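Notes for the one structure printed next.
The values are calculated or read from the model by the stated rules, or taken from the named source; none is laboratory data. Because the structure is predicted, anything quoted here is derived from the model rather than measured. FYI the Cβ positions are ideal-geometry reconstructions off the backbone, even for glycines, and counts take in every protein chain you see. We work out accessible area using only protein heavy atoms, side chains counted, and drop any ligands, DNA or RNA first. Shrake-Rupley method; radii C 1.70, N 1.55, O 1.52, S 1.80 Å.
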Amino acid sequence: MRLYNTLTKKVEEFVPYNKDMVKMFICGPTVYHYAHIGNLRTYISEDILEKGLRYLGYNVKRCMNITDVGHLTGDSDTGEDKLMTAAKKEKKSVLDIAKFYTDAFFKDLDRLNIKRPEIVSPATENISFYIKMISKLLDEGIAYEAGGNIYFDTSKYPKYYELSGRSKDDLLLAVRDDVDVDHNKRNSFDFGLWFTNSKFKDQELKWDSPFGYGYPGWHIECSAIAIQNLGEHLDIHCGGVDNIFPHHTNEIAQSESYLGHKWCNYWVHMEFLNDKTGKMSKSKGDSKDLNSLIEKGYDPIVYRYFCLQSHYRKVLVYSLESLDMATNAYNKLKGRIKNIKDNLDGEIDYDKIEEYQNKFKEAFENDMNTSMMLTTLYDVIKSDLNNNTKLYLIKDFDSVLSLSLLDEDKISKELEDFVLRKIEERNKAKEEKNYALADSIRDELLSKNIVIKDTREGTTFEVRK
Ligand code: AMP
Ligand code: ZN
């Protein structure tokens, strides 16, 4: 397996620390809002990474945090706690907000066939471990107290700029708008480990600690949760590219200072999903969540298919037109697979199976080239293999791709509700003799491969193959 490692800026051979078990940590969601489809692109790639490694024969233990406290609106300790702001806006408690959006996030994962990480741990349930880490960093003079808060002293960690690959001055210039002018800090990139005296009022969740009544910084959560659950040596740490600095840079600094040795060998970062106007972000307020796609009649699995068509290290630009194209391609693919299933013939050819499985593995091993993995699937379908052999391979590949390729051709409940709603609107338009509207509704459904038929019993529909 060859993977691009942000730490070395190279595609490298992947060798786990312990050959029997790959330890993988992914940064989880900050649960103050629905995840946007950009976040979900990252979780889809991480899901493929785990499943692909399993396909290669590795055991994988994957752990994810849920950030329910401490993530401020600016990544460098600026602004208010994102959850607190949402709680005020929605007039709920922080824990209610966290529960609601954590559940919504899991629902999104299910709808996208993303396997839940084996270990999921909310930030608020690990306070004692943050205290243990911070105490050690203080004892060793790597952290310091100033103005009621505890900060990590970045000058004590010589490799601080290694992950971002940028010099201090260059970074200062790049993140100028996000750098906090916190006069407690000795160096500009020092970051908060524990706050008893934040710059905003009303932090709802606080805990007793040897450093005073307060709450943890965001970065310490991931380090502590990863070390506690996966041990002192991590193989792969993932996240979106926005996490490289400061979040992952800070995670490395505090984890390695705490452990006294190298912590994680491979840092894998997923590029952004952009829309035509640029980066999608929850805080910009213009983000698209999965519900908004479903309401427009798109199947979540089509979104997964759309993501797999591109490489995780390339920016992917999303538009409804590109989703329409993905819908078409996905429905055609399912149609061809149905045809194979309906016409099974021949003995399974195990030599050929191995040949195609190797091609599929090679695509994955090539820095997780999902579009090449899809190409291998299409190669199988187009090949002159008998249908029993094809079906075997399709099922096998779908254990990684997770595109519901063999699910019966029933459409999702959400899509069915959407179609029924549209049929009702069309019938009403026809009653009102608004034929232009009725036709446009029919065309809209057609663009999603839904063909409607007016019969004596009423309007019926089917998915076009
Ligand atoms: P958050 O909930 O904001 O902490 O982000 C969850 C995950 O989504 C992190 O790994 C982010 O790096 C990633 N992420 C944020 N925005 C995008 C985007 N537009 N495209 C892809 N991944 C993103
Ligand atoms: Zn994290």
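Please compute P(r) over all alpha-carbon pairs of segment 1-128, binned at 5 Å starting from zero, and give each bin as a whole-number percent.
Calculated P(r), rounded to whole percents: 2, 9, 16, 20, 18, 14, 11, 6, 3, 1, 0.
Where does helix 218-230 land angle-wise versus the long Cα axis of the chain, in degrees 0 to 90, nearest 10?
Long axis of 218-230 versus the principal axis of the chain: about 80 degrees.
Mind grabbing the base-10 log of I(q)/I(0) for segment 170-282 at q = 0.17, 0.22 Å⁻¹? Debye formula, identical points on the C-alpha positions, no solvent, two decimal places.
Treating every Cα as an identical point scatterer, log10 I(q)/I(0) equals -1.07, -1.35.
Regarding segment 403-459, what is the average projected area of its C-alpha convex hull, in nm²?
Approximately 4.6 nm², given one-decimal rounding.
Scaled to the compact-protein estimate 2.2 N^0.38 Å, what is the alpha-carbon radius of gyration of segment 320-465, rounded to two decimal places?
1.32
With 10 Å bins from zero, work out the P(r) of segment 348-399 over every alpha carbon pair and list the percent per bin.
In whole percents, the pair-distance histogram is 28, 59, 13, 0.
Can you give the FRET efficiency to the nearest 0.05 for Asn366 and Asn197, using r as the Cβ-Cβ distance and R₀ = 45 Å?
0.35
In deg cm²/dmol, rounded to 500, what helix-only [θ] at 222 nm does the chain give when every DSSP H run of at least 4 residues adds -39500 (n - 2.57) and the total is split over its residues?
-14000 deg cm²/dmol
Output the 0 to 90 degree angle, nearest 10, between the alpha-carbon long axis of helix 370-382 and the longest principal axis computed from the alpha carbons of the chain.
Roughly 20 degrees, rounded to the nearest 10.
If you rank Asp324, Asp417, Asp108 by how much accessible surface each has, with a 1.4 Å probe, what is the order from largest down?
Of Asp324, Asp417, Asp108, the descending order of accessible area is Asp417, Asp324, Asp108.
May I ask for the Kirkwood hydrodynamic radius of segment 278-401, worked out over all distinct Cα pairs and given in angstroms to one decimal?
16.1 Å
Can you give the angle from 0 to 90° between the axis of helix 435-447 and the longest principal axis of the chain, with both taken from C-alpha atoms, to the nearest 10?
70 degrees
Can you send over the carbon and sulfur percentage of the accessible area for the chain, probe radius 1.4 Å, protein chains only?
49 percent
Under 8 Å for C-alpha pairs, at least 6 residues apart: give me the relative contact order for segment 314-428, rounded to a whole percent.
29 percent
Provide, for q = 0.10, 0.11, 0.13, 0.14 Å⁻¹, the log10 of I(q)/I(0) from a solvent-free Debye sum over equal Cα point scatterers in the chain.
Values returned for q = 0.10, 0.11, 0.13, 0.14 Å⁻¹ are -0.81, -0.94, -1.20, -1.32.
Normalised by the residues of segment 177-333, what does the relative contact order come to in percent, with Cα pairs under 8 Å and at least six apart?
16 percent
Could you tell me whether segment 14-270 comes out rounded, prolate or oblate from its Cα gyration tensor? Rule is a ≥ b ≥ c as square roots of the eigenvalues, rounded for a/c under 1.5, then prolate if a/b exceeds b/c, otherwise oblate.
Oblate is the answer for segment 14-270, as a/c is 1.5 or above yet b/c matches or exceeds a/b.
Sequence gap at least 6, Cα distance under 8 Å: using those rules, report the relative contact order of segment 92-175 to the nearest whole percent.
With pairs under 8 Å counted, the relative contact order is 10 percent.
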